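The values are calculated or read from the model by the stated rules, or taken from the named source; none is laboratory data. The model shown is predicted, which means the values in this text are computed figures rather than measured ones. In this analysis, Cβ positions are derived from the backbone assuming ideal geometry, glycine residues included, and neighbour counts consider all displayed protein chains.
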Amino acid sequence: SQRVVIIGAGIVGTNLADELVSRGWSDITVVEQGPLHMPGGSTSHAPGLVFQTSPSKTMTHLARYTVEKLLSIEKDGHKCFNQVGGLEVATTPARLEDLKRKHGYASSWGIEARLVSAEECCKMYPHLNNEMVLGGLHIPSDGLALAARATQLLIERTSKAGVRYLGHTPVTGIEREGRRVTGVSTPSGTIPADIVVSCAGFWGVELGAMVGVEIPLLPLAHQYAKTTTVPALAARGINNMINGMNATLPILRHQDKRLYYREHGGQYGIGYYGHRPMPVVAASLGLTPKEVDEKNMPSRLEFTTEDFDPAWKESQKLLPALQNTEIADGFNGVFSFTPDGGPILGQPSHLDGFYVAEAVWVTHSAGVARALAQILTTGRSDIDVSECELSRFEEIQLNRDYVSETGQQNFVEIYDIIHPLQQRASPRNLRVSPFYARQLELGAVFFETGGWERPWWYEANKDLVKSLPPSWQPVERDAWSAQLHSPISAAEAWKTRNAVAMFDMTAFHRFDVRGPGAVGLLQRLTTSDITTKPGTVTYTLLLNDHSGIRGDIFVLRLDDDVFQIGANTATDLAYLTREARVQEQNTPGQWIQVRDITGSTCCIGLWGPRARDVIAGISTVDVSNKGLPYFSLKKTVIQGIPVTLIRKSYVGELGWEIQTSAEYGQRLWDTIWQAGKLHGLIAGGRSAFNSMRLEKGYRTYGVDMTTEHNPFEAGVSYAVDANKKDDFVGKAALERLSKKVPSRRLRALTVDDGRSMILGKEPVFYKGKAAGYVTTAAFGYTIGKPIAYAWLPGYVREGETVEIEYFGKRIRATVEAESLYDPEMNRLSQ
Ligand code: FAD
């Protein structure tokens, strides 16, 4: 097997060693700067509360596996997980509502959960102030991870299996030859390795810097305190400290005041997120001392009592039993935050053999370790981990200022009620398209993604709402779905379907792939035959070896050796870059250049039945259906501006994406705008776009489908060329699958009452039982009903009724045939 060096013997590093050993890998060394019995990282003092359920399916499933695993690690009759259950209480009506939403996530992701009354909360948790609590959410399988103990037991068991552990050994450098790591350096010499995995927790930034990799995590201090003995707790006689099993009450969250609680025998432990963010630079903490104990370790900073005062007051209100006690001990413990709150997992594209698994909570530790072990041993993880990918960040998001500001913000908001469309106030305006000034003039309301400002709707279109025909009049929404929404998007959709609208497509990733090896690369990675003639557009999939979908892309063949790729994420860029490099190494002379041209170019989607009239007025190119058919492209000039006209559409209407380089952008916008006036042209935003996309059934990668799904289930087998002769990644697995009937399917649903909104991730019930979950949803203005896409068992048929749960309310919906709009594609191919 490969020689592996794991840096860090915290809960992540030791779990990784264990997961690799259990997959048959044997040459593993774990290098730890602190003493092995108590390394001194975040794990050494983690109180270990595991609340599994989150809005993310991935994170919930990583947590669920962690619970299973900790329950399986046992010594002296005691496991490493105390499954006391988890209770989140609401003390405000807004929180009470939100717990319903959270209960929905649990149902969606397969975690047993129950909404409980205030009375039941107090019965389950007698110390609660019954005058404050309005209700709660109880999750019986949550509980306390005994993280430090699990770490020790994992060290014990993997040492027996041959894993070498080196304590008191700081890694001071990472050795490499060319683009491959070859080992790590330590004060006692070099340890050779084929694979180096940094599980260094909040020291990740320093480790990444050793190989020129920006790790976008921010170490922050977070307060945790223990009370003196609480008579009401002590009276229960749970002072049994054997192997840490010193709690029987559920772990408790009081999110309205940013607090959580656990028992430590007769004492309470209180964690607080309400204080000011306290960023830490790991390098400034100095070396881990030779002797580490519970009070003396680098991840444990001095307690700042004044920051904790509000927490103490609020705790005494919620738990009156604390009123006669005091804080016995507290500390400001350090752990990692990231720009989007997710962990960081994976490898950089420029280097082989270097991996990271950082910014991981105890809650997700074994899950993350298993995912990485699966990636290392088989090339893919069972649980889709694209949202954890190191390569998911855009360049601007790796900047230290960005990481610091967004990391602190995530700390502050960690327990807030967050709307799925909630926008951060800062940092903003990091990336704007060349059309930005014009969009401002039109009153664009911008939403941000990947640093890009993208118009969601335009206030300039407000008056159009009044003139909408009755069947297009927007329905009234509930207060939650009305947030961050405007009825203007109905008018923008109407204009697109009945006249013409222009959409800013600049923020969609565009990569230039060229060179003598380009055809070979794309033939090998995609499910389509891209050896078509220059001037064609192909919608195709990127699969993994197991035929899981790792991306969907557009391949534009511009010339024999020149392609443009329309992609979803920065991870696609990292994948293409890495694969191009590997292929070049294997086929010398067949060079390939992969370049991100998103920011240096811009793009307008001009769509609607009158789009051709607009183009015809400003271009001499033959834009008839014959001259430029669907899925073809042409380079041309519009009023002196060099452009590429690409006949494709995300919204299901006739039209083009018109692309040019950034410096011509504003002129292009003005030229089209001017020409369009005659034909009723408006600017449209992403909200209308999303609605029309769903009506047409176009999937969004990462939300509607992921590596967990294959093309047959996801309803995108039309993007697989069954006759493709060349081999491609995932082909063999696909051939096996094509003979099977999918056991689940991504389905289009419409809401029967024509008005009840859904926002995504809600559970779907079939014959009264939770059977699946919603991916994306939107109001379909053309069809006059809300639409939801949902994963459902294969046996659920078209025409059948299902129920979607939205804040505890069941909404009836019907499984529909696709597409909901223009299934014959008449609008696109005229
Ligand atoms: P660590 O445990 O920090 O391990 C990293 C190891 O790498 C360290 O031992 C370090 O010494 C070693 N290392 C670093 N650099 C080098 C080097 N150059 N050479 C060799 N070794 C190196 N999470 C939960 O899920 N639930 C909770 O209730 C919870 N509560 C928390 C409360 C507090 C106060 C804090 C601070 C954190 C809490 N967390 C909680 C978060 C959790 O503790 C951490 O996310 C988790 O322990 C991180 O584990 P790790 O293995 O990645 O990192």
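Quick look at the values:
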{"quantity": "Test: residue in segment 408-425 that is among the aromatic types (Phe, Trp, Tyr), at pLDDT 95 or above and closer than 25 Å to Lys100 by Cα", "calculated": "yes"}
{"quantity": "Helices (runs of 4 or more DSSP H) wholly inside segment 457-557 containing at least 3 residues that are farther than 27 Å from Pro588 by Cβ and of a type outside the set (Lys, Arg)", "calculated": "462-466, 479-482, 488-498"}
{"quantity": "Criterion (buried (at least 20 other Cβ atoms within 10 Å of the Cβ), within 29 Å of Tyr766 (Cα to Cα) and among the charged types (D, E, K, R)) met by exactly one of Arg95, Arg114", "calculated": "Arg95"}
{"quantity": "Which listed residue, of Glu358, Glu387, is within 16 Å of the ligand (Cβ to nearest atom), buried (at least 17 other Cβ atoms within 10 Å of the Cβ) and among the acidic types (Asp, Glu)", "calculated": "Glu358"}
{"quantity": "Residue within segment 768-787 that is buried (at least 20 other Cβ atoms within 10 Å of the Cβ), outside any strand (DSSP E or B) and in contact with a helix residue (DSSP H, G or I) (Cβ under 9 Å, 6 or more places away or on another chain) present", "calculated": "yes"}
{"quantity": "Options Ala321, Ala232: the member that is closer than 27 Å to Lys123 by Cβ, at pLDDT below 95, more than 14 Å from the ligand (Cβ to nearest atom) and in a helix (DSSP H, G or I)", "calculated": "Ala232"}
{"quantity": "Options Thr43, Thr92, Thr14, Thr60: the member that is in contact (Cβ under 8 Å) with a residue 40 or more places away in the chain, of a type outside the set (Gly, Ala, Ser) and away from the ligand (no atom under 15 Å from the Cβ)", "calculated": "Thr92"}
{"quantity": "Output for segment 596-625, where each listed residue is assigned to a strand (DSSP E or B) and surrounded by fewer than 22 Cβ atoms within 10 Å (Cβ to Cβ)", "calculated": "Asp596, Thr601"}
{"quantity": "Test: Glu735 is part of a helix (DSSP H, G or I) and free of Cβ contacts under 8 Å to residues at least 40 places away in the same chain", "calculated": "yes"}
{"quantity": "Selection from segment 160-192 of residues that are basic (Lys, Arg), over 21 Å from Leu36 (Cβ atoms) and either in a strand (DSSP E or B) or within 15 Å of the ligand (Cβ to nearest atom) (or both)", "calculated": "Arg176, Arg180"}
{"quantity": "Residue check for Thr43: within 19 Å of Leu166 (Cα to Cα) and hydroxyl-bearing (Ser, Thr, Tyr)", "calculated": "yes"}
{"quantity": "Residue satisfying all of: in segment 121-142; in contact with a Leu (Cβ under 8 Å, 6 or more places away or on another chain) and small (Gly, Ala, Ser); nearest to the ligand (Cβ to nearest atom) among these", "calculated": "Gly136"}
{"quantity": "Residues that are surrounded by fewer than 22 Cβ atoms within 10 Å (Cβ to Cβ) and out of contact with any Gly (no Cβ under 7 Å at 6 or more places or on another chain), drawn from segment 134-147", "calculated": "Leu134, Gly135, Ser141"}
{"quantity": "Enumeration of residues in segment 285-330 that are under 36 Å from the mean Cα position of the chain (by Cα), within 30 Å of Glu131 (Cβ to Cβ), hydroxyl-bearing (Ser, Thr, Tyr) and buried (at least 16 other Cβ atoms within 10 Å of the Cβ)", "calculated": "Ser315"}
{"quantity": "Number of positions in segment 646-686 that are closer than 18 Å to Arg827 by Cβ, at pLDDT 95 or above, surrounded by fewer than 21 Cβ atoms within 10 Å (Cβ to Cβ) and touching a helix residue (DSSP H, G or I) at 6+ places or on another chain (Cβ under 9 Å)", "calculated": "2"}
